[in-house]
Amino acid sequence: MSNIIKVGGLKLLFICAGLGLILLGAGCAPKTEEDVKPEVVNVPAEEMIAILWNKGWSPAISVTRGIPFELSGSDEIAYDISGDTDYLCAEIKGRLESMSKTGTSRKAGEQFYWSPLCGDPPADLAEIETSWVTVVRKQDGYPTGMVLVRISPERDNGNGGLTFKADIIASLAFPQQDGAYQDISDEDLKELEATHKN
């Protein structure tokens with residue numbers, strides 16, 4: 001009888017130990033996945049955007065209505081644009097309209113502008129400090145690249161006015177892994193932004 005109890009007790013112990021290992025493994029698996037950082041490589045910004053006029057923009061002296069950006073790539077590429085959206089505009093029927101009204105998704109080949117004049121009401125140029133624009137490239141719905149642009153006010157020595165200039169702070173791609181797109185979350189993108197802004 002005591003042998004039966006010992007065998008039964010050992011079976012129960014092995015079952016409990018096995019369940020414990022399974023539960024421990026299941027508990028650790030999500031944490032390990034969260035800790036995996038996306039693979040990121042630096043690429044030329046021209047793969048995603050071009051700044052068509054960047055010699056110091058002001059409404060008084062510039063030949064454009066803002067700092068113009070053109071999105072690069074083939075037809076299947078789309079872009080999400082974020083940042084200081086009060087200053088981001090798209091041309092609609094010959095007029096600049098704020099992206100806060102027109103939406104912030106654009107296709108490759110399209111243009112948008114950074115301009116404090118297209119907000120409602122237009123911004124006071126003297127009150128604008130550093131402005132940020134983030135452009136995220138997407139293919140088949142997956143983020144495949146990101147460009148971070150800083151727009152800074154500068155004193156123009158020529159006429160004493162204020163001008164604005166855009167600088168590419170980061171231009172990153174997220175290459176495929178084993179033929180599949182990486183699963184880049186919004187949190188990953190925000191973390192990359194924060195890293196490059198500091």
### Candidate set: region 167-198, residues that are open to solvent by less than 60 Å² (accessible area, probe 1.4 Å) and of a type in the set (S, T, N, Q); chosen: the one farthest from the chain's Cα centre (by Cα)
GLN182
### Query
What number of residues in region 103-140 are small (Gly, Ala, Ser) and open to solvent by 60 Å² or more (accessible area, probe 1.4 Å)?
2
### Task
Select from region 44-67 the residues that are open to solvent by 30 Å² or more (accessible area, probe 1.4 Å) and closer than 30 Å to SER185 by Cβ and list them in ascending order.
PRO44, GLU46, GLU47, ALA50, ILE51
### Query
When residues of region 103-160 are filtered for being more than 14 Å from CYS89 (Cβ to Cβ), of a type outside the set (D, E, K, R) and not in a loop (DSSP other than H, G, I, E, B), how many remain?
18
### Query
Being within 13 Å of the chain's Cα centre (by Cα) and open to solvent by less than 50 Å² (accessible area, probe 1.4 Å), is that true of even one residue in region 149-166?
yes
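Of these, TRP53, TRP114, which one is under 16 Å from TRP132 (Cβ atoms) and without any contact (Cβ under 8 Å) to a residue 60 or more places away in the chain?
Only one candidate passes the filter, namely TRP114.
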### Message
I need every pair where a residue in region 138-158 that is of a type in the set (D, E, K, R) has its Cβ under 7 Å from the Cβ of a residue that is part of a loop (DSSP other than H, G, I, E, B) and at pLDDT below 95, sequence separation at least 6 or different chains.
### Response
ARG150/THR130; GLU154/GLY56; ASP156/GLY56; ASP156/SER58
### Message
When the residues of region 54-87 are narrowed to those that are modelled with pLDDT under 90 and assigned to a strand (DSSP E or B), which ends up nearest to TYR142 (Cα to Cα)?
### Response
GLY83
### Task
Kindly establish whether GLU191 is in a helix (DSSP H, G or I) and out of contact with any strand residue (DSSP E or B) (no Cβ under 6 Å at 6 or more places or on another chain).
yes
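The values are calculated or read from the model by the stated rules, or taken from the named source; none is laboratory data. Small disclaimer: the values here were computed from a predicted structure and weren't measured. Methodologically, a virtual Cβ is constructed for each residue, glycine included, from the backbone with ideal geometry; neighbour enumeration extends over all protein chains shown. Heads up: the accessible areas ignore ligands, DNA and RNA and are worked out on the full protein's heavy atoms, side chains in. Shrake-Rupley method; radii C 1.70, N 1.55, O 1.52, S 1.80 Å.
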